[in-house]
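These notes are about the structure you will find just below.
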């Protein structure tokens, strides 16, 4: 794909308006963050929620701010081959508005693409192609979740950040109450939201984080089982031994010997 123009979090006043009856001669991917008035195929729609739309080549482009300050991301581009066109058109229908609950997941790729586009990196063309592919993969992921009636929660970014925190603080003894408090949510609602988002309960994920960390050290270090138990935040190695065997089917020592025999 060839990038002709890109903008990340462009801000405009309430009079912002785009009227391009003949389009721009290329494809336009538009992400909106503020209320937007669209006129698509003669039909005017006021889109209050964040959305994404991919304008087809030469399609009329009519949209404007809805009487408030306006913010969007945009990407003007063209395809290098029919294969690329076929791939993208299999993901998203042209000239169609899609509400996206987690628009920032897509915007993050636009930001990275913008930085790379402006960089002096000698490999920036290759990098841009990889980011473009990731962008459309993320669009496909989002649209599939909506089609399956399982859209990402509005807390998705916070939950993902919290999950990363859990996996990077295995030495701590996290509780649902403590983790829910970081998002200012009730423990019961947080528990439901976490499981719905990641398909695993929060407490089970805390255990999983410790077990994955333990497996790494059993494989890659010479730390004793007791030392690994301490690194994983267990009060004693007996509790660690029981939990490790419960979820892996092996004691830590058996797990380490099994890995050694496979090398």
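The values are calculated or read from the model by the stated rules, or taken from the named source; none is laboratory data. Owing to the predicted nature of the structure, the values given are computational and were not obtained by experimental measurement. So basically every Cβ, Gly included, is an ideal-geometry build from the backbone, and we count neighbours across all protein chains shown.
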Single match in 146, 131 (criterion: in contact with a strand residue (DSSP E or B) (Cβ under 9 Å, 6 or more places away or on another chain), within 30 Å of residue 80 (Cβ to Cβ) and part of a helix (DSSP H, G or I)): 146
Residue that is farthest from the chain's Cα centre (by Cα) [pool: residues in the range 97-128 that are part of a loop (DSSP other than H, G, I, E, B), free of Cβ contacts under 8 Å to residues at least 60 places away in the same chain and surrounded by 15 or more Cβ atoms within 10 Å (Cβ to Cβ)]: 97
The one condition in (1) touching a helix residue (DSSP H, G or I) at 6+ places or on another chain (Cβ under 7 Å); (2) within 17 Å of residue 153 (Cβ to Cβ); (3) not in a helix (DSSP H, G or I) that residue 184 fails to fulfil: (1)
Verdict on residue 255 being part of a helix (DSSP H, G or I), surrounded by 15 or more Cβ atoms within 10 Å (Cβ to Cβ) and more than 32 Å from the chain's Cα centre (by Cα): yes
Criterion: closer than 30 Å to residue 245 by Cβ and part of a loop (DSSP other than H, G, I, E, B) - qualifying residue of 191, 174: 174
Strands (runs of 3 or more DSSP E) lying entirely in the range 1-91 (those with 3 or more residues that are more than 24 Å from the chain's Cα centre (by Cα), modelled with pLDDT under 95 and surrounded by 17 or more Cβ atoms within 10 Å (Cβ to Cβ)): none
Number of the condition not met by residue 95 [criteria: (1) at pLDDT 95 or above; (2) over 27 Å from residue 17 (Cα atoms)]: (2)
